[in-house]
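The values are calculated or read from the model by the stated rules, or taken from the named source; none is laboratory data. Note that the coordinates shown come from a computational prediction; the quantities given were computed from them, not determined experimentally. All Cβ positions, glycine included, derive from the backbone under ideal geometry; neighbour counts span all protein chains shown. When the accessible area is computed, the model is the full protein with side chains, heavy atoms only, and any ligands, DNA or RNA have been set aside. Shrake-Rupley method; radii C 1.70, N 1.55, O 1.52, S 1.80 Å.
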Amino acid sequence: QVQLVESGGGLVQPGGSLRLSCTASGRAFSIYGMGWYRQAPGKQRELVAASPSGGSTNYAESVKGRFTIFRDNAPNTVYLQMNNLKPEDTAVYYCNARIRVIGSPSVSDYWGKGTEVTVSS
């Protein structure tokens, strides 16, 4: 019904930058919020940044001041600008969207397949 497609991951040196993007497409829907999570090897998935529709953005403490989440509502896209990357930012990054498909009474979480970010010299 709804697909989230991410792009922008890769290998970067410490101190470098990357921009991730995620676009939602499919049946007619309303987006209630979009965000990014990450999962490092051997760790649980954690929230990185969230952008609720009509609300304030919020960030994990570990990325404040380095990462910025922003949205472009025309193509239903969310971006994560990541600056001053550190080795501990290495993880698979997943896009999340809270979506209500038109005609459905409920809001559901949708996930992308993930894009890998590796920070290493």
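Scan region 94-105 for residues that are at pLDDT below 95 and among the hydroxyl-bearing types (Ser, Thr, Tyr) and report the count. Number satisfying all stated conditions: 1.
The number of residues in region 26-41 being modelled with pLDDT of 95 or more and among the charged types (D, E, K, R) comes to 1. For region 17-49: of the residues being among the small types (Gly, Ala, Ser) and open to solvent by 20 Å² or more (accessible area, probe 1.4 Å), which is farthest from Met82 (Cα to Cα)? Among them, the one singled out is Ala28. Since Pro75 meets every condition but one in (1) within 19 Å of Ile31 (Cα to Cα); (2) assigned to a strand (DSSP E or B); (3) touching a Ser or Thr at 6+ places or on another chain (Cβ under 8 Å), which condition does it not meet? For Pro75, the exception is condition (2). What number of residues in region 1-45 are farther than 15 Å from Glu116 by Cβ and of a type in the set (Asp, Glu)? So the answer is 0.
Scan region 64-93 for residues that are basic (Lys, Arg), modelled with pLDDT of 95 or more and either touching a His at 6+ places or on another chain (Cβ under 8 Å) or under 14 Å from Ala50 (Cβ atoms) (or both) and jot them down. If the condition is that a residue be basic (Lys, Arg), modelled with pLDDT of 95 or more and either touching a His at 6+ places or on another chain (Cβ under 8 Å) or under 14 Å from Ala50 (Cβ atoms) (or both), then Lys64 is the only one that fits. Taking the criterion of being polar (S, T, N, Q), farther than 28 Å from Pro14 by Cβ and surrounded by fewer than 13 Cβ atoms within 10 Å (Cβ to Cβ), the only residue of region 105-121 that qualifies is Ser106. Ser53 passes every criterion in (1) modelled with pLDDT of 95 or more; (2) of a type in the set (S, T, N, Q); (3) under 11 Å from Ile31 (Cβ atoms) apart from (1). For region 82-120, residues that are within 10 Å of the chain's Cα centre (by Cα) and part of a strand (DSSP E or B) total 7.
Go through (1) surrounded by 15 or more Cβ atoms within 10 Å (Cβ to Cβ); (2) touching a residue at least 12 places away in the same chain (Cβ under 8 Å) and name the single condition Tyr59 misses. With respect to (1) surrounded by 15 or more Cβ atoms within 10 Å (Cβ to Cβ); (2) touching a residue at least 12 places away in the same chain (Cβ under 8 Å), Tyr59 is out only on (2). Give me the residue from region 62-87 that is open to solvent by 70 Å² or more (accessible area, probe 1.4 Å) and among the basic types (Lys, Arg) and, out of that set, nearest to Val107 (Cα to Cα). Among those that are open to solvent by 70 Å² or more (accessible area, probe 1.4 Å) and among the basic types (Lys, Arg), it is Lys64.
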